Amino acid sequence: MRVIRHLPRVSPRLPRVVLTLGNFDGVHRGHQAILAAGRATAAATHGQVVALTFHPHPVSVLAPERAPTTIQSLHDRLATLRTCGVDVAVVQRFTKAFAAWEPDAFVTDFLLGSLDVQHVVVGHNVTFGRGRRGTTETLRTLGERLGFGVDAVGPVTVGGVAVSSSAIRRLLGAGDVSAAAELLGRRHRLRGRVVAGERRGRTIGFPTANLHVRPGVLLPADGVYAVRVHGTSLFVDGVLNVGIRPTFGEARRTIEAHLLDWSGDLYGQWIELELVERLRGERRFDGVDALKAQIASDVAAARALLAAARS
């Protein structure tokens with residue numbers, strides 16, 4: 001997948017484009033349906049799927065006080081778009097000046113100035129341009145005049161729940177990673193670099209890998225999770241703790257994973273934690289012995305749950 005930063009830098013125009021656009025935060029089942037429709041159209045027309053996405057999140061620019069934490073970092077969003085068969089991803093920096101484009105001019109000047117758009121595939125509720133006044137009807141009207149087709153996809157529902165990035169954020173914020181996985185179409189993953197911690201886990205018999213996740217990425221609710229750990233030549237089960245470690249009177253939120261039946265040095269490496277199930281919420285214990293007993297119980301529960309998930 002080719003990645004382009006800032007669309008006006010494209011020269012010459014990209015040919016035979018099947019275009020979709022949006023934030024694609026999480027690249028969930030709704031986004032996947034849009035991209036699948038785009039791939040099908042591209043295959044039938046010998047075109048290429050181009051996904052135009054925005055960074056940073058538009059709300060963080062237009063209304064910073066309401067800005068959501070994102071389900072994925074930009075790096076992970078692009079990696080997921082690649083797995084969904086996107087040929088070209090355009091990362092457009094979102095600014096107030098960019099938001100001021102009138103919808104018609106956004107299409108005729110901004111998009112068509114760099115893309116030979118043959119077809120547009122978008123979500124049913126897409127909006128764009130100044131005041132979010134551009135809609136699917138705007139695209140259809142312009143398409144009839146300028147010679148490109150338009151398809152609107154959705155809404156997509158799972159178990160009666162409408163799939164959206166907002167719904168997934170709420171589920172992850174509540175620790176319901178299994179329900180979030182249903183809407184995502186895969187288990188949620190946290191990706192980060194292993195950094196040095198307090199090394200307290202090692203002293204109580206449960207060494208942990210401390211993960212630094214990019215700022216602004218949504219963390220699940222504080223608690224303990226059964227996870228699968230992915231890294232370079234690494235695929236093991238684990239137990240994840242997200243929280244402030246209240247037993248030790250700390251206030252800084254940490255992300256620590258104890259890897260089952262594995263030992264080694266991961267400092268400086270990037271790993272991914274695939275969240276399978278929440279085991280419990282975070283609790284304060286009356287001393288280290290009580291904490292050790294609970295961690296041993298968590299490890300046993302994680303082993304059983306992860307073994308069952310494989311069967």
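Given (1) 6, 25, 32, 26, 9, 2, 0, 0; (2) 6, 26, 37, 24, 7, 0; (3) 6, 25, 29, 20, 13, 6, 1, 0, which label gives P(r) over Cα pairs in 10 Å bins from 0, in percent as computed from the coordinates? Comparing each candidate, only (3) matches the computed number. For the pair A196 and S263, the difference between a 0.36 nm per residue extended length and the Cα-Cα distance amounts to 22.6 nm.
Under the definition of Cα pairs under 8 Å and six or more residues apart, what whole-number percent is the relative contact order of the chain? The partial results should precede the final answer.
On the way: 590 pairs, mean separation 50.3, N = 311.
RCO, the chain: 16 percent.
What separates the Cα centres of region 40-82 and region 91-132 is a distance of 13 Å. Once the chain from A300 to E65 is taken as fully extended at 0.36 nm per residue, the excess over their C-alpha distance is 80.4 nm. With neighbours defined as other Cβ atoms within 10 Å of a residue's Cβ, the residues H31, H55 order from fewest to most as H55, H31.
Sequence-distant contacts, meaning Cα pairs under 8 Å at least 6 residues apart, place the relative contact order of region 2-162 at 31 percent.
Taking a ≥ b ≥ c as the square roots of the eigenvalues of the Cα gyration tensor of region 58-136, is the shape rounded (a/c under 1.5), prolate (a/b larger than b/c) or oblate?
Values: a/c = 1.76, a/b = 1.03, b/c = 1.70.
Here region 58-136 falls in the oblate category.
Please tell me the relative contact order of region 187-310 in percent, rounded to the nearest whole number, where contacts are Cα pairs under 8 Å and at least six residues apart.
On the way: 236 pairs, mean separation 39.8, N = 124.
32 percent.
A Gaussian network model of the chain, with springs between Cα atoms under 10 Å, assigns the largest mean-square fluctuation among A99, A40, A290 to A290.
In this calculation the C-beta distance from T157 to L234 is compared with R0 = 45 Å, giving a FRET efficiency of 0.80.
Taking 0.36 nm per residue of sequence separation and removing the Cα-Cα distance, the R145/R253 pair yields an extension gain of 33.5 nm.
All of the numbers you see were taken from the coordinates with simple rules; none came from a lab. What you are looking at is a predicted structure, and each value in this text was computed from that prediction instead of being measured. Methodologically, a virtual Cβ is constructed for each residue, glycine included, from the backbone with ideal geometry; neighbour enumeration extends over all protein chains shown.
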